[in-house]
1. Among the candidates Ser84, Ser64, single out the residue that is farther than 30 Å from Val157 by Cα and either modelled with pLDDT under 80 or surrounded by 10 or more Cβ atoms within 10 Å (Cβ to Cβ) (or both).
2. Return yes or no: is Thr104 part of a loop (DSSP other than H, G, I, E, B) and buried (at least 16 other Cβ atoms within 10 Å of the Cβ)?
3. Of all residues in the range 69-85, which are without any contact (Cβ under 8 Å) to a residue 24 or more places away in the chain and on the phi > 0 side of the Ramachandran plot?
4. Pairs needed: first member in the range 29-50, closer than 13 Å to Gly81 by Cα; second member anywhere, modelled with pLDDT of 65 or more and not in a loop (DSSP other than H, G, I, E, B); C-beta distance under 7 Å; at least 6 residues apart or different chains.
5. Taking the conditions exactly as written (charged (D, E, K, R), assigned to a loop (DSSP other than H, G, I, E, B), in contact (Cβ under 8 Å) with a residue 24 or more places away in the chain and within 23 Å of His21 (Cβ to Cβ)), does Lys110 satisfy them or not?
6. Do any strands (runs of 3 or more DSSP E) entirely within the range 138-198 hold 2 or more residues that are touching an Asp or Glu at 6+ places or on another chain (Cβ under 6 Å) and at pLDDT 85 or above, and if so, which?
7. Name the single residue, out of those in the range 23-61 being exposed (fewer than 10 other Cβ atoms within 10 Å of the Cβ) and small (Gly, Ala, Ser), that is modelled with the lowest pLDDT.
8. Looking at the range 1-31, which of its residues are assigned to a loop (DSSP other than H, G, I, E, B) and either in contact with a His (Cβ under 7 Å, 6 or more places away or on another chain) or not acidic (Asp, Glu) (or both)?
Amino acid sequence: FEVVIKFSPFEVDFKRDDESHIKFNDRGLFNMEHWRPKIEKEKAEGDDSKTEENAKTDGGEDESTWWDESFGGNTDSKPRGPESVAMDISFVGYEQVFGIPEHTGSISLKQTRGGDGNHHEPYRLYNTDVFEYILDSPMTLYGAIPFMQAHRKDSSVGVFWLNAAETWIDIVKAKDNKNPLSLGKGATSTHTHWISEA
């Protein structure tokens, strides 16, 4: 076994017998929000509108939930602001991935970018207690275990995403680019994108 870590751009490549099996950040989607202090915005003179309701950044992003969220009369404060983390994880040469229970879909996880027989939304992981549910849905049931594994002939690999926060996982399967002069077929790899909020 071998782990190759690249500094810039950041990438981690897990290899066995000089062949890649799992790659972290090979598509460059790693993102970690930094803690930041809340900066109170000054009201313009004569502006009677509420700051929270109109909290838009210069880029047009809505800041109203950066510091707290309310649901069902309860408010969850975030004293350090948003703290999400995201990483793309590719299973190189693995067409089927399994895991991330509990969902009502097939054992082999479907793609989440639409198309015939696929989901149109990412898989969602969070702890809940659902007594009514939709069949073949990416929504969670009861608990959530952020563990995904892949299997192919002569090899099995897995990833455990150690984050208890609500998590979304996108899954896309794609044929690897093969040298057009070679006679072999390109293998299918599974590309995942994990996003957790705090």
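1. It is Ser64.
2. no
3. If the condition is that a residue be without any contact (Cβ under 8 Å) to a residue 24 or more places away in the chain and on the phi > 0 side of the Ramachandran plot, then Gly72, Gly73 are the ones that fit.
4. Met32/Val85
5. In short, yes.
6. 188-196
7. Out of the qualifying residues, it is Ser49.
8. Phe1, Phe7, Ser8, Pro9, Phe10, Asn25, Arg27, Gly28, Leu29, Phe30
The values are calculated or read from the model by the stated rules, or taken from the named source; none is laboratory data. Because the structure is predicted, anything quoted here is derived from the model rather than measured. Positions of Cβ are generated from backbone atoms using ideal geometry, with glycine treated the same way; all protein chains shown enter the neighbour counts.
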